[in-house]
Amino acid sequence: MSGPVILTLGSWAEQHMREMMTAKTQSSFEDAFDAMVAPSATITVNGKHMTREQYKKMLWKEEANEANATITFRDMVEVPKSAKEIIQTGEVGMFFEANISWTRPIKETKIRSTMNMVVEESSRPAGDSMADGRLATVVNQVMTDVVGPEL
């Protein structure tokens, strides 16, 4: 019998970001978002503070009508609060690029981003299969997106 796979802090952040950026439906996007971002998270994007709901809407707008998305992680730095803990919390920073293509209208976008997060333990509802007790309580993201011409 094997137990659950416990991800390192950096692997946790990468997995959740990948699930969110490659979600095909709004429901799967919201599940991925909720599994990563704490309900009371402090969020800043390109120097602008926003609510969790504003951040979710902004990210879903990038995803809506998506035909295909790929995300490539270029670099990552993780600083666990305690390297001895099985489930790591702490700070994580990552640099990634995402390529998104849409069907309506047909176009492509390339997103380049750095994201720093503070990941802390949280309580999750019983039976939540995505729960390992961690959520991002602070998100600071700097991003650019270059939208290609409609085809």
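Only the coordinates and a few stated rules stand behind these numbers; no lab work does. Model, not experiment: these values are computed from the prediction. Neighbour counts run over all protein chains shown; Cβ positions are idealised from the backbone, glycine included.
Non-local amide H neighbours of Val37 (under 5 Å, H modeled in plane, Pro and chain starts lacking H): which ones?
Ala136
Tell me, in nm to one decimal, what length is gained between Met58 and Arg112 on full extension, where the rule is 0.36 nm per residue of separation less the Cα-Cα distance?
17.9 nm
Given an 8 Å cut-off on Cα distances and at least 6 residues of separation, report the relative contact order of segment 9-147 as a percent.
25 percent.
Send over the Kirkwood Rh of segment 23-95, from the inverse of the averaged 1/r over different Cα pairs, rounded to one decimal Å.
14.5 Å
Starting from the amide H of Val45, placed 1.01 Å from N in the peptide plane, find each other amide H under 5 Å away whose residue is 5 or more places distant or on another chain.
Met50, Gln141
Kindly flag which residue pairs out of Lys57/Lys110; Lys24/Lys107; Lys24/Lys48; Lys56/Lys110; Lys24/Lys110; Lys48/Lys81 have an alpha-carbon separation exceeding 23 Å in this structure.
Checking Cα-Cα distances, Lys24/Lys48; Lys48/Lys81 exceed 23 Å.
Taking each pair of different alpha-carbon atoms in segment 9-147 once, compute 1/r for the pair, average those values, and report the inverse of that mean as the Kirkwood hydrodynamic radius in Å to one decimal.
Taking the inverse mean of 1/r over all distinct Cα pairs, segment 9-147 comes out at 15.4 Å.
Net charge near Lys110, counting Lys/Arg +1 and Asp/Glu -1 over other residues with Cβ under 10 Å of its Cβ?
For residues surrounding Lys110, the net value is -2.
What is the sum of charges, Lys and Arg at +1 and Asp and Glu at -1, for the other residues whose Cβ falls under 14 Å from the Cβ of Leu9?
Local charge sum for Leu9: -4.
Using each residue's phi in segment 50-56, evaluate 6.51 cos²θ - 1.76 cosθ + 1.60 at θ = phi - 60° and report the 3J(HN,Hα) Karplus result to the nearest Hz, with x for Gly and Pro.
Running phi through 6.51 cos²θ - 1.76 cosθ + 1.60 with θ = phi - 60° gives 9, 6, 4, 5, 4, 5, 4 Hz.
Please compute the length gained on full extension between Glu120 and Phe73, using 0.36 nm multiplied by the number of residues separating them and subtracting their Cα-Cα distance.
14.7 nm
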